[in-house]
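Reading through the structure tokens given below for one structure.
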């Protein structure tokens with residue numbers, strides 16, 4: 001099967017602790033504009049201390065449906081209410097990338 005993401009399978013990816021440690025569903029995905037990195041969260045209000053780093057390929061092992069979001073453009077986010085809801089997508093607001 002063809003690799004769907006714009007980053008390599010071994011690319012470091014941010015995942016929230018709840019996804020890794022509690023098997024919570026991924027509810028928010030960010031494809032960062034600045035470095036094209038990916039983030040996968042189980043909540044819309046994740047905190048920095050909840051972040052864990054895994055290979056992007058591990059995200060697909062956790063939830064193979066993330067393949068459906070591989071075409072999310074850099075600078076965009078996607079979210080859903082629960083694991084059975086459809087994904088919503090939008091351009092991330094500029095303040096999402098301000099430091």
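The values are calculated or read from the model by the stated rules, or taken from the named source; none is laboratory data. Just so we're clear, the structure is a prediction, and the values are computed from it rather than from any experiment. Cβ atoms come from the backbone with ideal geometry, glycine included; neighbour counts cover every protein chain shown.
For region 59-99, give me each residue that is in a helix (DSSP H, G or I) and touching a residue at least 24 places away in the same chain (Cβ under 8 Å). Steps first, answer last, please.
Taking region 59-99 as the starting set, the residues that turn out to be in a helix (DSSP H, G or I) are 59-62, 64-69, 94-97.
Once the filter is applied, which keeps residues that are in a helix (DSSP H, G or I) and touching a residue at least 24 places away in the same chain (Cβ under 8 Å), region 59-99 yields 59, 62, 66, 67, 69, 96, 97.
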For this session: Working carefully through the options 54, 15, find the one that is within 22 Å of residue 82 (Cα to Cα), modelled with pLDDT of 95 or more and either assigned to a strand (DSSP E or B) or in contact with a helix residue (DSSP H, G or I) (Cβ under 9 Å, 6 or more places away or on another chain) (or both).
Result: 15
Exercise. Which of the residues spanning region 57-73 are within 19 Å of residue 92 (Cβ to Cβ) and out of contact with any helix residue (DSSP H, G or I) (no Cβ under 6 Å at 6 or more places or on another chain)?
Worked result: 68, 69, 70, 71, 72, 73
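Going by the structure shown, is residue 49 surrounded by fewer than 10 Cβ atoms within 10 Å (Cβ to Cβ), outside any loop (DSSP other than H, G, I, E, B) and in contact with a helix residue (DSSP H, G or I) (Cβ under 9 Å, 6 or more places away or on another chain)? Lay out the reasoning, then the answer.
On the way: surrounded by fewer than 10 Cβ atoms within 10 Å (Cβ to Cβ): yes; outside any loop (DSSP other than H, G, I, E, B): yes; in contact with a helix residue (DSSP H, G or I) (Cβ under 9 Å, 6 or more places away or on another chain): yes.
Taking the combined requirement at face value, the residue satisfies it.
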Problem set entry | Residue list for region 32-43, filter: surrounded by fewer than 19 Cβ atoms within 10 Å (Cβ to Cβ) and touching a residue at least 12 places away in the same chain (Cβ under 8 Å) | 32, 33, 34, 36, 37, 39, 43
Problem set entry | Residue in region 58-76 that is on the phi > 0 side of the Ramachandran plot and at pLDDT 95 or above present | yes
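Does residue 46 satisfy the criteria of being touching a residue at least 24 places away in the same chain (Cβ under 8 Å) and either under 14 Å from residue 19 (Cβ atoms) or touching a strand residue (DSSP E or B) at 6+ places or on another chain (Cβ under 8 Å) (or both)? Explain how you work it out, then say what you get.
On the way: touching a residue at least 24 places away in the same chain (Cβ under 8 Å): yes; either under 14 Å from residue 19 (Cβ atoms) or touching a strand residue (DSSP E or B) at 6+ places or on another chain (Cβ under 8 Å) (or both): yes.
In short, yes.
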For this session: Kindly list the number of the only condition in (1) buried (at least 19 other Cβ atoms within 10 Å of the Cβ); (2) over 11 Å from the mean Cα position of the chain (by Cα) that fails for residue 22.
Result: (1)
Exercise. Just a yes or no: is a residue in region 18-31 free of Cβ contacts under 8 Å to residues at least 40 places away in the same chain and either touching a strand residue (DSSP E or B) at 6+ places or on another chain (Cβ under 7 Å) or closer than 20 Å to residue 90 by Cα (or both)?
Worked result: no
